[in-house]
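Every read-out reported here was derived from the displayed coordinates using simple, explicitly stated rules and does not represent laboratory data. On a predicted model such as this, the values are computed, not experimentally measured, just so you know. Methodologically, a virtual Cβ is constructed for each residue, glycine included, from the backbone with ideal geometry; neighbour enumeration extends over all protein chains shown.
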Amino acid sequence: MTRHVVISGDAPAQLFLLPRAAGAIDAGGGTQSFSAHRLHGGAGLIAELLQDTGYSDHVARVHNPTFAESAENPIQSIVELDTHNIPGHNGIAFRFKSTKHISPSPRWLAPTPPLPSNDHDTISIWVLQDAGPGSCFTDSDTKNAVTQFKKSRPRFIIYHMLRPLCAGKLWDTLRRGPYIDKTTRDPEQVIVIISADDLRAEGIELSYGLSWEKTCEDFVEKLGSSGKLVTLVTCAHLVVRFGLDGVIYHRGLQAAKPFLTFDPECVEGEFCRKTLGSVPGVAEAFVAGFSKGLIESNDLSIEQGIKYGMWAARRLSRQGLTVKDPEGSDPSIYQTPVIMDGLGHNKKDDELLSLSIPSDSIASGSEHSWSLIDHLVGDPAEVARRIVKDGIASPETRVPLTYFGDLVLFDRQEIELCRNLFNFLKLYLSSPKTKPLSIALCGPRGAGKAFAALQVAQSAAKGQKVKQLRFDLSQYTSPDDLLAAFHSVRDCALEGNVPLVYFSGFDGTFDGSQLGWLPHLLPAMMGGNFSDHGVSRPIGPAIFFFGTTVFRSYDELQRRATLDTTRSTRLQDFLGCLHGFVNVLGPNRVDYGEGVDRLYPVRRAVILRSFLEKREPNLKTGEKIGIDDSVLNSLLLVPTYRQGIRSLKTIIAMSRVDGHRSFERAALPPPAQLDIHVDYTDFIIHMSGIPLPDRVIEKIAVKLHETYLEARAVATPDDLSDLIPWGRLSEELKESSRAHANSISQKLRHISCYLSEKQGTREPTVEFTHDQVEILAEVEHDRWNSERLQNQWGFGERDPGKRKSPFLIPWDDLERKWQDIDRAMVAAYPSIMRSLDGYAIYPMGPKN
């Protein structure tokens, strides 16, 4: 079946100014000389990118606009470029510098005949490039466009819409869909591609680059907030680009859940910051890549189109604009083969993740703290294990993360708080500044507040001269000590640096009063000056971070301020001088009141891996860390380290791993030393994973014993003399059943499942497959062997009184009937959990 891509719409004439060579001097003396090149953007660029993609006629034929009649059209914008270097690139490369818009006169350009027929053996997609920002097509252009669409009857219309959204007669006609026959329309075949920035310009309140969870929440809650965009919100296929980092696919006509495709290592705007910034043509590259992906897929897949579009736009952003011969008459500024060839088949293209957004739950308010880690994997503890054992960037650890220098964040709350701080610092550093910026950092001791703040600040100040200064006010004994600190800050600023200043312990006791340092800090915060023995001296630009040692959160600071009715501590004045705050969660489990902190193992995992790599390099083979599962569980899952990060670091330092290739249980410090830094009993309990409450363990143990009795009745009907109900069972055998219950969570990891409190938006496992039962049964028998051997049982004729058992043998040596008992018991796990209130077994991986 023949396939066609037809391109039409606005193709603004652009004049690109390319520097001939770095530092070239023209004849007039002194200024850099340029070569000028006229190109067509919009539909012209989409056509250029698609017409040379190596299509053969049996894949797709491309029909381009006719540019001859528009050759005399006036230049609509002038784009000035700068040179830049691409590693391994032999020619001259350019990136965007500035644009000057001259005339916004759009024209709808028709594709070159002959056009595809409209019979049932033809599949065609029509790509329409909208008029430039702030303008619409004329009535005559609109009439010509509509006439052609009526004749052609394409399978899909791809409308690349620009501001003003949903404006103009052309959209009003095309939104009803292409013609199936002379009168019938199909609105299901309309695809609209827009940018999130255009939605924001129309009044849709979408946060920028905080986290993908926040982006999805805003999209679900705010998209329908502007009634004038109703035709956009209810169209069949709406594709919204969030920079080069992610796309949300909204199906308004079907009222289906939106779909997010994104790079887990970037938030909106980050890819551009990592590459060349704003490159002319990335929007057109996305449309071209989208069209290519759509037409090449067997089922005309919009999901494939989105990925192709992102890859094409990202290639252009990495490559920039290039020209091998700037003196030539027809230089190729957009290197089409580099941008378009091999989309979907090039291993160098970034791996993108896709998932459905839980829009129903978000809209109802039940998912306001949802996490993509929960959504993609389900069990944060498993993500944490992968981070430690396989590395942050391994294919096994494909979950959203954010880098700020050496700081790596996975927890949504920390990402959003630090991203807010990053954006705020960028704004401060990019504008003229005379006074310090003040930020409060709240969190428990050992949360890593100073490290986190200074890494974010260093990232925000990239390209500027900065210097870190740290002052611990708890070590100061007089205001003169603080005066010396202010002089150090001032000297740093006078040397041309931006001081990044961390004050620790500002909320401690001084001169007999808690928060006694505040009166001495406030003048510098309010006016940017400090008193030097009666002389007022300006500090200059600086970023002040105030780290708490007493208050664990900003809410605690606010509550204390409301109690200070006499204003004796001046805490209210201090809070009024702050420009922002960050609650640093740290590695310990946080008490959210009604909520559950499920992500604390993930926050801890990055820190733990770093400590292990530094402590003993031999533990690392390639990118993998050798560590016993039970040790890893305890280090990751124990709720609290007494001194936060410092305690974790000390435990690793005290462990006997010198020269070892694996961190085994025997390498841990003695119990008394461990107990200095962590509750030892709690530490041991967590070696098998996060423990279930005792009442739940007891219920599971009883159910397991009942299942055992039933399985024995089936497997050995002639030998039931030793079967005893739970009420008359010895305490040792009850403990054995409890140990079995407590091991379920650990065993489920062998079949990529996990045990959890019920998650309303995830489907639980109803029953295991045959292969899963086989794996679990063998693992359970090995666990039983280990339990019996540790309790001093031996091999021999069955005699519980003498602690003898004939089943202390490998799984393969067991008779089938005894194997079947283990199979029956592990197969009952899902039904046992369903009988409990509040727990279920779930498969790891993305939600359905």
Under 26 Å Cα-Cα from residue 150, which lysines qualify once same-chain neighbours fewer than 8 residues away are excluded? 169, 182, 292
Please work out how much length the chain gains when fully extended from residue 82 to residue 815, using 0.36 nm per residue of separation minus the C-alpha to C-alpha distance, in nm with one decimal. 256.2 nm
Yeah, the stretch 412-583 with a ≥ b ≥ c from its alpha-carbon gyration tensor (a/c under 1.5 is rounded, else prolate when a/b outruns b/c, oblate otherwise) is oblate
Take every DSSP beta bridge whose two residues both sit in the stretch 412-583, then give the antiparallel share in percent to the nearest 5. 20 percent
As an exercise, use a Förster radius of 25 Å and the Cβ-Cβ distance of residue 555 and residue 675 to find the FRET efficiency, rounded to the nearest 0.05. 0.20
Over 28 Å (Cα to Cα) among 348/747; 274/347; 307/620; 389/804 -> 348/747; 307/620; 389/804
What is the distance in Å between the Cα centres of the stretch 727-748 and the stretch 392-441? 46 Å
Degrees separating the helix 600-615 axis from the principal Cα axis of the chain, which is the longest one: 80 degrees
Would you mind putting 817-829, 37-49 in packing order, based on average other-beta-carbon counts within 10 Å, highest first? 37-49, 817-829
By how many degrees, between 0 and 90 and to the nearest 10, does the Cα long axis of helix 212-222 differ from the longest principal axis of the chain? 60 degrees
Short to long, in 5 Å steps from zero, the percent of alpha-carbon pairs of the stretch 507-582 per bin is 3, 14, 25, 26, 18, 10, 4, 0
Going by alpha carbons, how many degrees (0 to 90, nearest 10) lie between the helix axis of 770-790 and the longest principal axis of the chain? 40 degrees
Part-to-part distance (alpha-carbon centres) for the stretch 531-550 and the stretch 641-711, which is given in Å: 46 Å
So which GluC sites (Glu not before Pro) in the stretch 518-624 are both in a DSSP loop and have at most 14 other Cβ atoms within 10 Å of their Cβ? 594, 623
Cα pair distances in the stretch 185-294, grouped into 5 Å bins until the bin that holds the longest one, percent each: 2, 11, 22, 25, 21, 13, 5, 1, 0
Indicate, rounded to the nearest 5 percent, the antiparallel portion of the DSSP beta bridges found entirely in the chain. 50 percent
Run the simple label-point estimate for residue 537 and residue 33 please: 7 Å along Cα→C-beta, distance reported in nm. 5.4 nm
In deg cm²/dmol, rounded to 500, what helix-only [θ] at 222 nm does the chain give when every DSSP H run of at least 4 residues adds -39500 (n - 2.57) and the total is split over its residues? -11000 deg cm²/dmol
Per-bin percent of Cα-Cα distances, the chain [10 Å]: 2, 11, 17, 19, 18, 15, 11, 6, 2, 0, 0
Normalising by the residue count of the stretch 694-843, find the relative contact order in percent from Cα pairs under 8 Å and 6+ residues apart. 35 percent
On full extension of the chain, what length is gained from residue 662 through residue 596, given 0.36 nm per residue of separation minus the C-alpha to C-alpha distance? 20.5 nm
Over the stretch 412-583, what is the mean sequence separation of C-alpha contacts under 8 Å (at least six apart), divided by residue count, expressed as relative contact order in percent? 34 percent
I'd like the distance separating the alpha-carbon centroids of the stretch 472-530 and the stretch 167-216, in whole Å. 53 Å
Express the relative contact order of the chain as a whole percentage, based on alpha carbon pairs under 8 Å and six or more residues apart in sequence. 8 percent
Multiply the residue separation of residue 789 and residue 720 by 0.36 nm, subtract the distance between their alpha-carbon atoms, and state the gained length in nm to one decimal. 22.4 nm
Are there GluC sites (Glu not before Pro) in the stretch 225-277 that DSSP puts in a loop and that have at most 14 other Cβ atoms within 10 Å, and which ones? none
